[in-house]
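Undergrad: Below you'll find the structure I mean.
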Number of protein chains: 2
Amino acid sequence: MYTVYGDMLSGNCYKIKLLLKLLGVEHQWVHVDIMAGETRTGAFLTMNPSGKVPVLAIDGREYLAESNAILNYLAEDSTYLPAGGMARAKVLEWQFFEQYSHEPYIAVARFINTFLGLPKGRLAEYEAKQAGGHKALAIMEQRLAKAPFLVGDTATIADISLYAYTHVAGEGGFSLARYPGVQKWLVRIERLPGYVSMARENA
Amino acid sequence: MYTVYGDMLSGNCYKIKLLLKLLGVEHQWVHVDIMAGETRTGAFLTMNPSGKVPVLAIDGREYLAESNAILNYLAEDSTYLPAGGMARAKVLEWQFFEQYSHEPYIAVARFINTFLGLPKGRLAEYEAKQAGGHKALAIMEQRLAKAPFLVGDTATIADISLYAYTHVAGEGGFSLARYPGVQKWLVRIERLPGYVSMARENA
């Protein structure tokens, strides 16, 4: 049995919920209150020394952290992860792009704006995130202007990784008006059988 | 035939050189001068819209970016990448940790200090990187104090990813004195057959 420790309002955690629902895989979800310090307890750090959600627990014996590593583990042998070769490598290329060139801008701007209420002390940081976020969106648009999904012709975990924070980019101040390919792709994801939205309350 | 576009003094590029040498795989190396704008040309952006090295070219037809995606592609079916299951997922866990929680601190501090000469205008940023870098090293030490490699009992591409910037962490102001497990692990990597050092001149 899988147990996921996470917060559904975190895009990194939502990725896992979305894939599990798309795959129809039974699991338990344990809400972790980051703001209350629940990722800093000894018990949590035993599961993940980095002190970050999400964490996947397998039968309460093995633990796996890092959202994109979890997606790769869960998607093995499904249509969401090509079996090998260049297609599989391209999935990873997008996922590393997501963690290095997309999430640190779009997710962090969203956090400062929506979760912290854009305090004056972090306004400069918020504004500094805008250029990098738009650069990432423009790179996605290059691909999605001419292809239905990020890799190949069907949805993969690369799409799930990038969908998580792109579909709430507006909460970080990023308008998607300039990215029509990205907008159409968001709808394509939302029509996948089993799709579940990022809940306003934790599931 | 593989062609790698990169700069050997970049840890992200050196990862690729190191794996290719450990595997004994023939390849061409094309030096890219980042400071001279060679990653911003139209030809380069066609290979990688992110404008970053390294890029792997396969027979001049297909291109793959993101250092850790390239490592996964090249290591398939070798001892450096477990075939599947939790071991393979743990390799990815460490590689995403590297890109999100290690490289942005240790590699960036090294760049500011060694390549830019620690200019006054970036001193505050350099100093702000120290805590995050030590946090990453402490997490590595937790594992390496009790195990020879990051995943399993033999070297994998997780080790190559983390070795790249850890072994030059001193250039970013990070002393490894507090991390004896990390120090012993560095030596273990350097004794692997085929090991090549980060060249002071580009190969």
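The values are calculated or read from the model by the stated rules, or taken from the named source; none is laboratory data. Note that this is a predicted model, so its numbers are computed, not measured. Note that each Cβ is placed from the backbone with ideal geometry, even for glycine, and that neighbours are counted across all protein chains shown. When the accessible area is computed, the model is the full protein with side chains, heavy atoms only, and any ligands, DNA or RNA have been set aside. Shrake-Rupley method; radii C 1.70, N 1.55, O 1.52, S 1.80 Å.
Undergrad: Where does each of B:150-158, A:185-193, B:181-189 land if you order them by average Cβ count within 10 Å, highest first?
TA: B:150-158, B:181-189, A:185-193
Undergrad: With a 1.4 Å probe on protein heavy atoms only, work out how much accessible surface B and A bury together, total over both chains, in Å² to the nearest 100.
TA: Chains B and A together bury roughly 2900 Å² of accessible area.
Undergrad: If you don't mind, another one. What distance in nm lies between label points placed 7 Å from Cα along the C-beta direction at residue B:23 and residue B:191?
TA: The modelled label-to-label distance comes out at 2.5 nm.
Undergrad: So, one more: Write down the Å³ per residue value for the convex hull defined by the alpha carbon atoms of the stretch A:42-104.
TA: Per-residue hull volume (Cα only) is 93 Å³.
Undergrad: Let me ask you something else. So which of A:146/B:129; A:21/A:120; A:146/B:90; A:90/B:21 end up more than 30 Å apart by C-alpha?
TA: From A:146/B:129; A:21/A:120; A:146/B:90; A:90/B:21, over 30 Å: A:146/B:129; A:21/A:120; A:146/B:90.
Undergrad: Going through the stretch A:69-173, which trypsin sites (Lys or Arg not before Pro) have at most 10 other Cβ atoms within 10 Å and a DSSP loop state?
TA: Those satisfying the criteria are A:146.
Undergrad: Based on Cβ point charges of +1 for Lys and Arg and -1 for Asp and Glu, what charge dipole magnitude is obtained for chain A about its Cα centre, in debye rounded to the nearest 20?
TA: Roughly 600 debye, rounded to the nearest 20.
Undergrad: In addition: The stretch B:56-72: which residues show an accessible-area loss of 10 Å² or more, assembly versus chain alone, 1.4 Å probe?
TA: Listed in order, they are B:62, B:63, B:64, B:65, B:66, B:68, B:69, B:72.
Undergrad: Which whole number gives the average, over all residues in A:133-140, of C-beta atoms from other chains lying within 10 Å of the residue C-beta?
TA: Across A:133-140, the average partner-chain Cβ count within 10 Å equals 1.
Undergrad: Shifting gears a bit: Find the relative contact order for the stretch B:2-75 and round it to a whole percent, using C-alpha pairs within less than 8 Å whose residues are 6+ positions apart.
TA: Over the stretch B:2-75, the number comes to 38 percent.
Undergrad: By the scheme Lys and Arg +1, Asp and Glu -1, what is the net charge of all other residues having a beta-carbon under 13 Å from that of residue A:34?
TA: -1
Undergrad: For chain A, which whole-number percentage of the solvent-accessible area (1.4 Å probe, protein heavy atoms only) is attributable to carbon and sulfur atoms?
TA: 54
Undergrad: In percent, how large is the relative contact order of chain A, given Cα pairs closer than 8 Å and 6 or more residues apart?
TA: Relative contact order of chain A: 26 percent.
Undergrad: Using only the alpha carbons of the stretch A:85-190, determine the length spanned along each of the three principal axes and report them from longest to shortest in whole angstroms.
TA: Per principal axis, max minus min of the Cα coordinates gives 47, 25, 20 Å.
Undergrad: Also, quick follow-up: With contacts defined as alpha carbon pairs under 8 Å and 6 or more residues apart, what's the relative contact order of the stretch B:85-190 in percent?
TA: 36
Undergrad: For peptide A:46-52, compute the average count of partner chain beta-carbon atoms within 10 Å of each residue's beta-carbon.
TA: Going residue by residue through A:46-52 and averaging, the value is 3.
Undergrad: May I pose another question? Pick from B:126, B:105, B:163: which residue has the top mean-square fluctuation in a GNM of chain B where Cα pairs under 10 Å get a spring?
TA: Checking each option, the largest mean-square fluctuation is seen for B:126.
Undergrad: Dividing the alpha-carbon radius of gyration of the stretch B:2-75 by 2.2 N^0.38 Å (N being the number of residues), what value is obtained?
TA: Expressed relative to 2.2 N^0.38 Å, the Cα Rg reads 1.00.
Undergrad: Another question about this same structure. Please provide three numbers in whole Å: the alpha-carbon extents of chain B along the principal axes, with the largest listed first.
TA: 47, 45, 27
Undergrad: State, in angstrom, two size descriptors of the protein assembly as shown derived from its alpha carbons: Rg to one decimal place and Dmax to the nearest whole number.
TA: 20.4, 55
Undergrad: Keeping all protein chains in place, calculate the accessible area per residue for the stretch B:1-69 (probe 1.4 angstrom), answer in Å².
TA: Counting only protein heavy atoms, the per-residue value for the stretch B:1-69 is 40 Å².
Undergrad: Taking amide hydrogens as modeled 1.01 Å from N in the peptide plane, which residues meet the under 5 Å criterion relative to residue B:30, leaving out close sequence neighbours?
TA: Under 5 Å from the amide H of residue B:30: B:4, B:5, B:6.
Undergrad: Which value in deg cm²/dmol, rounded to the nearest 500, describes the helix-derived mean residue ellipticity at 222 nm for chain B, given -39,500 (n - 2.57) per DSSP H run of n ≥ 4 and division by the residue count?
TA: -14000 deg cm²/dmol
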